[in-house]
1. Using the beta-carbon distance between THR237 and THR145 and R0 = 35 Å, what value does 1/(1 + (r/R0)^6) give for FRET efficiency, to the nearest 0.05?
2. Could you put VAL290, VAL124, VAL55 in order, starting from the residue whose Cβ has the fewest other Cβ atoms within 10 Å?
3. Which of the peptides 93-101, 139-147 is most tightly packed, and how do the rest follow, going by the mean number of other Cβ atoms within 10 Å of each residue?
4. What is the extension gain from GLU111 to ASN84, computed as 0.36 nm multiplied by their sequence separation minus the C-alpha to C-alpha distance, in nm to one decimal?
5. If you find the alpha carbon centre of the stretch 194-225 and of the stretch 136-166, how far apart are they in angstrom?
6. In percent, what relative contact order does the stretch 254-293 have, based on Cα pairs under 8 Å that are 6 or more apart in sequence?
7. Got a sec to turn the phi values of the stretch 87-100 into Karplus ³J(HN,Hα) couplings, 6.51 cos²θ - 1.76 cosθ + 1.60 with θ = phi - 60°, whole Hz, x for Gly and Pro?
Amino acid sequence: MHPGGHMTPVTSRSAFVSTLTRGLPLLGLLSALVPGCVQDTTESSSHALLSSTPVQLHAAATDTHWESGWGYFAHAEFTVRVENLAYDKSVEVHYKTGDAPWMDLELGYHETLATGSELWIGGVSVLSYASVDSSADTQFAVKYTVDGTTHWDSNNGADYWLSAGVKPGAGSHPPFVLGSSRHIKTEYASLDPRDSGLVLSGEVVVRNIAYDKHVTLVYTTDDWATVHTAPFGYDSTLSGGDESWTIDATVWDPEGPDTEPGTIEFAIAYDVAGVTYWDNNDSVNYSLDVGDEYRAGSDALYPR
């Protein structure tokens, strides 16, 4: 166990398979270990789940920034996932900060995912340092209007909350929130040449469902002919109770027997309370390019 008390993630493939079988049916387990087919059986990116809930908050965050001539502002960014029920649609965030009136922020289309669902994004300055209450919180829900029907994600009727404070530690809610049906989100991943070889670094945020948990990188250097694993380690607990886990793993050693890879493909498994949740880039896995020569530079990704 690390100092935070969380169990150290498993590292051997046989142990990892044993861990997966507690949360995945046999079909899902086999799919997770065959080329190009790491499946997401429980996350919000499941198409079956999305069909019953056509709109879901993906994630939201508040960031404080400086605008010359104006001062500090708290800027909220929203990422929302919708099922593509028709071409004409509108996706909005219905929000209020402190005692201000309710307002609607229209989001813009960002991309279509592998399952056919879409990500819509947008942001708005919700509070300035000069505001009467510079430590207020933003309350919001997401609405999706298509074919004459409005669908809501209101966090099961409780609404979502973000700190809108522009002062450090202001607000009674966290500056980051996952959608109610999400349990893991990749913040970033990068591939860098070092003396030890190719090192994959990254950070994920997981919902703190239980005290004991495993977060594991599952990757391949040869298009899933072989599968390797490496553990994430606990980093910190965020103000809302979610946790940050990080990794810094050598995924290819130039002194080893394997030939230099062109691409590192990977997904991330979060095992907690007998269930395995996957972040696998909407079932197509993440990939980082090595380049013509592994010391030529680095590659990085920052998922929404």
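Nothing in this text is a laboratory measurement; each read-out follows from the coordinates by a stated rule. Small disclaimer: the values here were computed from a predicted structure and weren't measured. Note: ideal-geometry Cβ built from the backbone for every residue, glycine included; neighbour counts use all protein chains shown.
1. The formula returns an efficiency of 0.40 here.
2. Sorted ascending by nearby Cβ count, the order is VAL124, VAL290, VAL55.
3. Put in order of decreasing packing, that is 139-147, 93-101.
4. 8.6 nm is the gain from fully extending GLU111 to ASN84.
5. Centre-to-centre (Cα) distance: 31 Å.
6. Computed value for the stretch 254-293: 44 percent relative contact order.
7. Per-residue couplings from phi come out as 5, 7, 7, 9, 10, 9, 9, 9, 9, 8, 10, x, 8, 5 Hz.
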